[in-house]
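This report concerns only the one structure given below.
The values are calculated or read from the model by the stated rules, or taken from the named source; none is laboratory data. Just so we're clear, the structure is a prediction, and the values are computed from it rather than from any experiment. Ideal geometry is used to build each Cβ from the backbone, glycine not excepted, and the neighbour counts take in all protein chains shown. The area values use the complete protein model at the heavy-atom level, side chains included, leaving out ligands, DNA and RNA. Shrake-Rupley method; radii C 1.70, N 1.55, O 1.52, S 1.80 Å.
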Amino acid sequence: MKVRLATVWLGGCSGCHMSFLDLDEFLIDLVDAVEIVYSPVVDVKEYPENVDVCLIEGAVCNEDNLELLHKIRQRTKVIVSFGDCAVTANVPAIRNQLGLGNRESVLQHAYITNAQDNPSVPKADGIVPQLLERVMPVHEAVHVEYFLPGCPPPAARIKALVGQMLSGVEPKLEGTQLKFG
Amino acid sequence: MAAKTLTIDGKPITAEEGATVLQAADEAGIKIPTLCHLDGVYDVGACRLCLVEVTGVAKLLPACTTRVAEGMEVKTDSERLRKYRRITLELLFAERNHVCAVCVANGHCELQTLAYSQGMDHVRYEYLFPKWGVDTTHRLFGMDHNRCVLCTRCVRVCWHVEGAGTKNVAGRGTRSHIITDLAMPWGESDSCTQCGKCVQACPTGALFHKGSTTGEMERDRGKLEFIVTAREKKQWVTAD
Ligand code: SF4
Ligand code: SF4
Ligand code: SF4
Ligand code: FES
């Protein structure tokens, strides 16, 4: 049976997914071992049931992120925080330094103060998700099994962790493989 | 001076009276993790990363400020020590804003290196995300309070190697922070000689040369050691 693998992109820049694609020929080995059931690189709309492993890129920034994350937790055996935004909240969390209630001020700054044309804050209920008061690392919202730091984690590091998981050993990264940044 | 005999990790060691456990371990080739310790200036025991176990003492002791004693049995590695080092590191990361990906010290940072060498894969505590500023008023140097671990290495070199006494610590608890002179912008300090020793001493991205961008802030610690050796031993030699 192939391992049912999902990869998810929350509040991140997609750099971690780019690094995943950097796995080069290991991706071909991966195709034999896993079935990608949900990912920004496959066209599946709804996060499926019975997922074995999910790599989560990005911090938890808005209500959609949070809702999806709870769904993922219910439907997934093993969650991996994939990259610094997921592990530490990283760059997306810089807005937390402005204190709670920064939602309005960051939107104001991005869409009004610094806008060249049509200054207006995008607002469409049910389409544009509300920002959370405070950006969180993934493990602050749900239980996380393994951590894969790096901004982005280099392909070799992804390969090491995924390789360990596929060969059935307890994943464990050490030394420089745990370097942030 | 009398010699003391002790064991570190079971290894019999002779050290000079008055030497610290850290010095004795170092001479015996046993590595203890440190952060606030800086060769060339006195130790203050600020970071608690160098904690060791000493037989007969219930609490853990900092190796950098504990003197060797006759018959002492020191352990530098155990499950308990690893646990406390992890906690200490995680608290340091949670206390300020460490965004390694966009930090001047990325790749050359002692805090970052300690974190991965001690196996820190995430921080279990809630990050405080405090609001701190960056002082870029000095002509040559900048200070980013977001990255400061309050090791006071900068304060100690400024007072005791340069003798300027510009840098100091103000505030208490999580509001403790490094100031220049009477808490004024660094660029307005009269006492700063612009020597840059604090920048050389800083283990993190908190002090930097202006103009350095992500990952560019490398330091040459040898310079400080050179000055101290020259002054104390009248020897103008470099380590290598
Ligand atoms: S000071 Fe060190 S640990 Fe902190 S953000 Fe910079 S590189 Fe990372
Ligand atoms: S540059 Fe020299 S004098 Fe100025 S604060 Fe730093 S150590 Fe002190
Ligand atoms: S500025 Fe650097 S050297 Fe000074 S206390 Fe902070 S981390 Fe230590
Ligand atoms: S190195 Fe000993 S307490 Fe910091």
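Among the residues of region B:162-175, those identified as open to solvent by 10 Å² or more (accessible area, probe 1.4 Å), away from ligand 4 (no atom under 16 Å from the Cβ) and not hydroxyl-bearing (Ser, Thr, Tyr) are B:GLU162, B:GLY163, B:ALA164, B:GLY165, B:ASN168, B:ALA170, B:GLY171, B:ARG172, B:GLY173, B:ARG175. Is it the case that B:ASN146 is of a type outside the set (Val, Ile, Thr), within 20 Å of B:ALA105 (Cα to Cα), within 11 Å of ligand 3 (Cβ to nearest atom) and in contact (Cβ under 8 Å) with a residue 12 or more places away in the chain? Considered against the rule, which asks whether it is of a type outside the set (Val, Ile, Thr), within 20 Å of B:ALA105 (Cα to Cα), within 11 Å of ligand 3 (Cβ to nearest atom) and in contact (Cβ under 8 Å) with a residue 12 or more places away in the chain, B:ASN146 comes out as yes. Taking region B:108-125 on its own, how many of its residues are at the interface with another protein chain (Cβ under 7 Å from one of its Cβ atoms), out of contact with any Leu (no Cβ under 9 Å at 6 or more places or on another chain) and part of a loop (DSSP other than H, G, I, E, B)? The number of residues fulfilling the criteria is 1. Working carefully through the options A:PRO153, A:PRO137, find the one that is at the interface with chain B (Cβ under 10 Å from one of its Cβ atoms) and under 14 Å from the mean Cα position of the chain (by Cα). Exactly one residue qualifies, and that residue is A:PRO137.
Among the residues of region B:77-98, those that are within 16 Å of ligand 3 (Cβ to nearest atom) and open to solvent by 40 Å² or more (accessible area, probe 1.4 Å) comprise B:LEU91, B:GLU95. Scanning region B:167-211 for residues being farther than 15 Å from B:ARG221 by Cα, more than 13 Å from ligand 3 (Cβ to nearest atom) and not in a helix (DSSP H, G or I) gives a total of 14. Here B:ILE227 clears all of (1) within 21 Å of B:THR34 (Cα to Cα); (2) outside the structural domain of B:LEU91 (by TED's automatic domain parsing); (3) in contact with a helix residue (DSSP H, G or I) (Cβ under 9 Å, 6 or more places away or on another chain) except the condition numbered (1). The residues in region B:163-189 that are over 28 Å from B:TYR127 (Cβ atoms) and either at pLDDT below 95 or in the same structural domain as B:THR34 (by TED's automatic domain parsing) (or both) can be counted, and the count is 0. Within region B:128-135, is there a residue that is open to solvent by less than 10 Å² (accessible area, probe 1.4 Å), within 11 Å of chain A (Cβ to nearest Cβ) and outside any helix (DSSP H, G or I)? No: zero hits. Of the residues making up region A:110-149, those that are in a strand (DSSP E or B) and not hydroxyl-bearing (Ser, Thr, Tyr) number 8. So is B:PRO203 touching an Asp or Glu at 6+ places or on another chain (Cβ under 8 Å) and open to solvent by 30 Å² or more (accessible area, probe 1.4 Å) or not? Here the answer is no, as B:PRO203 does not meet what is asked.
Does B:CYS158 satisfy the criteria of being within 12 Å of ligand 2 (Cβ to nearest atom), surrounded by fewer than 20 Cβ atoms within 10 Å (Cβ to Cβ) and closer than 24 Å to B:HIS37 by Cα? For B:CYS158, the condition - within 12 Å of ligand 2 (Cβ to nearest atom), surrounded by fewer than 20 Cβ atoms within 10 Å (Cβ to Cβ) and closer than 24 Å to B:HIS37 by Cα - is not met.
Scanning region B:99-127 for residues that are among the β-branched types (Val, Ile, Thr), buried (at least 20 other Cβ atoms within 10 Å of the Cβ) and either more than 18 Å from the chain's Cα centre (by Cα) or within 16 Å of ligand 4 (Cβ to nearest atom) (or both) turns up B:VAL99, B:VAL123.
Say whether the condition of being touching a helix residue (DSSP H, G or I) at 6+ places or on another chain (Cβ under 8 Å), within 22 Å of B:ILE227 (Cα to Cα) and crowded, with 21+ Cβ neighbours inside 10 Å is met by at least one residue in region B:176-196. Checking region B:176-196: at least one residue is touching a helix residue (DSSP H, G or I) at 6+ places or on another chain (Cβ under 8 Å), within 22 Å of B:ILE227 (Cα to Cα) and crowded, with 21+ Cβ neighbours inside 10 Å.
Within region A:161-181, the set of residues being of a type in the set (A, V, I, L, M, F, W, C), assigned to a helix (DSSP H, G or I) and within 13 Å of chain B (Cβ to nearest Cβ) comprises A:LEU161, A:LEU178.
Of the residues making up region A:107-131, those that are free of Cβ contacts under 8 Å to residues at least 60 places away in the same chain, open to solvent by less than 90 Å² (accessible area, probe 1.4 Å) and aliphatic (A, V, I, L, M) are A:LEU107, A:ALA110, A:ILE112, A:ALA115, A:VAL121, A:ALA124, A:VAL128.
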